[in-house]
Every structure is written in C-alpha cells, then in structure tokens.
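What follows is one structure encoded as structure tokens, with my remarks underneath.
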Amino acid sequence: MNAVPRPVDAVIAAAREFLGDRIGTGQSLREQHSHGEGSAAPGLPDAVAFVETTEEVSKLMALCHQHGVPVIPFGAGSSLEGHVCAVHGGVSIDLTKMNAILDVSAEDMDCLIEPGVSRHQLNDYLRDQGLFFPVDPGAHCTIGGMCATRASGTNAVRYGTIREQVLGLEVVLADGRVIQTGGRTRKAANGYDLTRLFIGSEGTLGIITKIRMRLHGIPEATSAAVCQFADLQPAVEATIAVMQAGIPVSRIELADADQMRASIAYSKLEGMAETPTLFLEFTGSPSSVKEQAEAAEAIMRDFGATSFAWTVDAEARGKLWKARHDAWWAANAMKPGWKGMTTDVCVPISKLAEAVVGAKKIALEMNQLTAIVGHVGDGNFHCVIIFDPTDPKGLEQAWELDRRIVALGLSLGGTCSGEHGVGVGKREFLVQEHGVEAMAVMRSLKDALDPKGIMNPGKIFVN
Ligand SMILES: Cc1cc2nc3c(=O)[nH]c(=O)nc-3n(C[C@H](O)[C@H](O)[C@H](O)COP(=O)(O)OP(=O)(O)OC[C@H]3O[C@@H](n4cnc5c(N)ncnc54)[C@H](O)[C@@H]3O)c2cc1C
C-alpha cells in the first residue's frame with residue numbers, strides 16, 4: 001500500500017525546482033537545525049532549506065502557506081529558549097547564506113545588510129571607515145536573529161539594544177508577500193511602526209530578509225576598569241549609584257564570586273580575587289575617559305570597593321571583555337559533564353540589588369550551584385544554573401529555580417526576559433506580565449499576519 005503523501009513532501013518537491021540540493025532532508029542536517037543552545041527539548045524539522053535571495057524566501061513561503069506547512073527561520077541557532085526547535089516539524093529556513101553587506105553610507109551613518117551577516121563580519125568590514133555596530137551578544141549569531149529576538153549585549157547601557165539601531169526592514173510575510181518597513185530617516189511619524197512589530201517577533205510573523213541600521217563612530221578613547229567587592233550587595237548598589245549619578249558608562253557588567261572563580265580558571269585571568277566584580281568601560285575623549293573613571297572610582301570606594309584598577313591598554317581591555325563574553329562557557333566548565341541553564345530577568349534599576357541578591361539566596365536555599373553575570377547597567381542579569389543532565393531531577397530543579405527567580409523579578413516590576421526572548425521556555429510567564437487582554441491583542445496581530453499559523457508555531461503563545 002502506498003503511503004499517503006504528506007503536505008511537506010509536496011513543498012520539498014516543488015522547492016527543489018528552484019533550490020536544487022539547497023533543500024535537504026538528511027538526518028544530521030535536520031538534527032543540527034532541531035535545537036538552539038538552551039535546555040528545551042529538540043524538535044526535528046522535516047527539511048532544511050538554505051535560501052540565498054528574497055525571491056527564494058518568498059517562493060518557499062508561498063508554497064508552505066499553500067500546503068499549511070510550518071516554517072522555522074534559522075539564523076545561527078544560538079538562542080536559548082527553544083526558539084528554533086521545530087515543535088511541529090516543517091521546513092527550517094536557514095538564512096546564513098544571505099550574508100551580504102549591501103550598502104554602507106558613511107555620510108548618513110547607516111547600512112543595509114542581509115539577515116545572515118554577523119556582528120563580527122559587519123564590524124570587520126566597517127573598521128577602516130571609523131564606524132561600528134555596537135550590539136554585542138555573547139555568542140556567534142546573525143543580525144537577523146538579533147532583530148528577531150530583540151537582542152542586546154554589554155553596550156546596551158550606552159547605545160541601546162538592536163531595537164534602537166534598526167531603521168527599517170524588508171520582510172517576507174507568511175503568504176510570500178514582501179513588504180518594506182521604516183525608512184532611512186532618523187525619525188518619522190508616518191503611521192503604525194511595523195519595524196518595531198517585527199523586532200522581537202521571533203520568526204512568528206515573517207522572515208526578515210533585509211535590515212537598514214544605524215551605525216556609530218568609533219570613540220576617540222576607551223578605558224576599562226575592574227572593581228572588586230567583598231560582597232554582592234554593595235557591588236550591585238554601587239552600580240545603581242553610578243547609573244543614578246549619570247556617569248555615561250559604555251559598559252558595566254557584574255560577575256558574582258562563583259562566576260569569578262569560573263572565569264579566572266577558564267580565561268586565565270591574573271591578579272583578580274574570587275569575589276564579586278564589576279567590569280566597566282568608558283568611552284569619549286582622553287580627558288573625559290579619565291574623568292569618568294575617576295568619578296566611578298569615587299562612588300565604588302564609597303560602597304567599600306576592595307580594589308579599582310583601570311587601563312587604556314587595548315590588549316588588556318580585549319582580554320577582559322573576551323573573558324566577559326566567555327562567561328557562559330566558563331560557567332558551563334565549572335563541573336565537567338554538567339550543563340548551564342540561564343535566567344534573563346530584568347528589573348527597574350532601583351530594584352536590582354533586591355533581585356540579584358534575592359536570586360542568589362533562593363539558589364543557596366535550594367542547594368543549587370549557580371554563577372551570576374549581568375548587564376547590570378540595564379537592570380538585567382543572568383543566573384546560570386549548573387545542573388547534572390544525567391540526573392532526572394537535575395533539569396526539573398533547574399526549571400524550578402528559574403521559575404522562582406522569574407517570580408521574584410516580576411514581583412519587583414521586572415520582566416522574565418530582558419534580551420533572550422520567549423521561545424518555548426518563557427511562554428508561561430507572558431499572561432502574568434502583560435495581562436489577558438494584551439495577549440489577545442498580540443494573538444490578533446499574529447492571526448492577521450499568519451492566518452494559517454505556519455510561522456514558527458509553538459513559540460511565544462502557550463496555545
Ligand atoms: C553564550 C551565549 C551568550 C549569549 N549572550 C546574549 C546576550 O548577551 N544578549 C542577547 O540578547 N542574547 C544572547 N544570547 C542569545 C542569542 O545569541 C541571541 O538570542 C541571538 O540574537 C540569536 O541569534 P541567532 O542568529 O543565533 O538566531 P537563532 O537562534 O537562529 O534564532 C532565534 C530566533 O529568531 C528567529 N529568526 C532568526 N533569523 C530570523 C530572520 N531572518 N527573520 C525572522 N526570524 C528569524 C528564529 O526563528 C528564532 O525564533 C546568548 C547566547 C549564548 C549561547
């Protein structure tokens with residue numbers, strides 16, 4: 001008896017006509033595209049398509065729409081909340097081959113790129129022109145993926161998140177239509193802001209195929225500082241005081257004692273104690289960099305800093321920020337064979353000490369090994385929960401701690417996710433955060449743009 005053909009088989013057959021062998025169904029290819037970096041259960045797509053042009057994306061979307069086949073846009077797969085898991089199968093559309101830098105305007109300080117461009121690729125390209133793109137998540141990722149997750153990084157305290165950089169988008173909708181949003185002007189009051197609708201939509205509303213973004217001038221001078229404390233509470237309180245004093249820090253990042261122990265071992269940091277630490281960066285003219293460092297040091301000393309050392313040496317700065325960006329891998333290396341799961345709570349800055357110290361207290365009460373790092377200038381911190389994946393209770397306890405830290409963050413007026421997004425893992429908190437009516441409005445928008453529900457199903461919404 002012949003098997004009944006599946007709708008996805010019709011899509012694959014028709015897509016082969018314009019993609020050739022760039023649409024594949026091999027097991028290892030599908031497995032590679034079945035998960036991101038987090039702890040969510042993998043979901044195997046039926047096929048993986050490597051697209052190269054907007055026209056190909058449009059034709060493929062029209063086919064999937066016609067046959068009601070799920071589509072999962074895929075950047076670098078570095079997202080942490082199960083965003084790219086194909087929970088209902090379908091076609092994973094890999095955008096990494098769409099990685100051209102199409103235009104850079106030094107006069108207007110903006111650029112037009114394809115979604116598969118990475119921040120390192122863009123910054124290498126821009127360096128000779130004295131320009132840079134400031135958003136720097138701690139993983140290799142695509143700028144399309146960053147737009148889709150509303151990402152940020154250590155520079156957000158000074159330059160904002162990806163949301164503040166994007167001027168306009170080209171988006172392929174669920175039925176294959178192609179639209180342009182936004183424009184090239186620095187401001188516009190010309191109707192609904194569709195650009196912001198797609199920023200953070202996690203592949204559930206459309207596929208971003210071009211991005212117009214602002215760029216920034218490389219600062220004249222940069223200095224970095226390391227400031228250590230005996231306890232966590234004063235380190236966080238000092239951060240709040242620096243922000244409230246209006247010192248224009250470019251970066252202010254926290255590592256707790258456990259994270260310092262991990263990073264000193266992993267990144268071979270020398271001359272640092274295994275105690276709570278703030279990493280800071282100041283940019284501007286040589287004199288303003290000095291003034292900012294001195295003003296920050298005075299505040300840190302008032303809060304009992306045990307040391308404050310700053311440098312303009314580029315190599316020392318590079319090593320420091322590499323260690324900060326490697327914090328996740330350092331935490332994961334704390335116990336061989338164990339794994340990390342990270343929270344992403346963000347709170348109003350005045351509540352930061354309560355949130356961070358409270359999170360650590362809950363972890364200690366649960367006898368759970370954790371390491372805390374944070375983009376604390378924004379009120380955002382990550383509690384990396386280190387668990388034994390071979391112990392069935394390990395993952396369960398990690399999720400329970402995650403929930404309790406989120407509950408604390410929400411009780412302080414915060415959010416379950418400052419930058420990683422919702423995916424599968426944070427869906428359960430959205431009604432509490434936004435309310436039933438606001439979620440119904442989000443659902444109406446989703447239904448209007450994706451009436452067949454094919455765009456990354458199972459993400460953001462519980463049902
Ligand atoms: C070690 C580590 C550190 C991290 N640090 C940070 C950090 O500091 N800040 C931060 O914000 N995040 C951080 N992340 C999370 C992750 O890097 C970001 O979420 C990143 O923006 C994801 O980009 P990606 O290209 O990997 O996207 P993917 O993981 O491939 O996809 C993410 C989501 O975007 C959708 N998507 C991808 N491309 C498109 C497109 N072109 N159009 C529409 N939808 C699309 C996908 O369907 C999915 O829902 C970190 C992750 C790791 C592993």
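See the values below:
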| item | result |
| --- | --- |
| Any pair with Cβ under 9 angstrom, 6 or more apart, that starts in segment 443-460 at a residue that is under 15 Å from VAL171 (Cα atoms) and ends at one that is among the acidic types (Asp, Glu) and surrounded by fewer than 18 Cβ atoms within 10 Å (Cβ to Cβ) | ASP450/ASP175 |
| Single match in ASP128, ASP124 (criterion: surrounded by fewer than 16 Cβ atoms within 10 Å (Cβ to Cβ) and either at pLDDT 95 or above or under 19 Å from THR149 (Cα atoms) (or both)) | ASP124 |
| Any pair with Cβ under 8 angstrom, 6 or more apart, that starts in segment 102-117 at a residue that is modelled with pLDDT of 95 or more and ends at one that is part of a loop (DSSP other than H, G, I, E, B) and of a type in the set (D, E, K, R) | LEU102/GLU114; ASP108/ARG184; ASP110/ARG184; GLY116/LYS97 |
| Contacts under 7 angstrom Cβ, first residue in segment 16-43 being under 18 Å from CYS64 (Cβ atoms) and of a type outside the set (Ser, Thr, Tyr), partner in a helix (DSSP H, G or I) and at pLDDT 95 or above, 6 or more apart | PHE18/GLU56; PHE18/LYS59; LEU19/GLU56; ILE23/ILE12; ILE23/ALA15; ILE23/ARG16 |
| Elements of type helices (runs of 4 or more DSSP H) contained in segment 130-170, each with 3 or more residues being within 25 Å of ALA330 (Cβ to Cβ) and more than 7 Å from the ligand (Cβ to nearest atom) | 156-159 |
| LEU80 modelled with pLDDT of 95 or more and within 15 Å of the ligand (Cβ to nearest atom) | yes |
| Whichever residue in segment 439-460 is more than 13 Å from the ligand (Cβ to nearest atom) and within 21 Å of HIS83 (Cβ to Cβ) and, among such residues, is surrounded by the most Cβ atoms within 10 Å (Cβ to Cβ) | LYS446 |
| Single residue of segment 377-402 satisfying the filter (among the charged types (D, E, K, R) and without any contact (Cβ under 8 Å) to a residue 12 or more places away in the chain) that is nearest to TRP338 (Cα to Cα) | ASP391 |
| Residue within segment 271-280 that is within 16 Å of the ligand (Cβ to nearest atom), in a strand (DSSP E or B) and either among the small types (Gly, Ala, Ser) or at pLDDT 95 or above (or both) present | yes |
| Residues of segment 1-38 satisfying the condition of being within 16 Å of the ligand (Cβ to nearest atom) and aliphatic (A, V, I, L, M) | LEU29 |
| So SER417, is it of a type in the set (Ser, Thr, Tyr) and away from the ligand (no atom under 14 Å from the Cβ) | no |
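The values are calculated or read from the model by the stated rules, or taken from the named source; none is laboratory data. Quantities reported herein were computed from a predicted structural model and do not represent experimental measurements. Ideal geometry is used to build each Cβ from the backbone, glycine not excepted, and the neighbour counts take in all protein chains shown.
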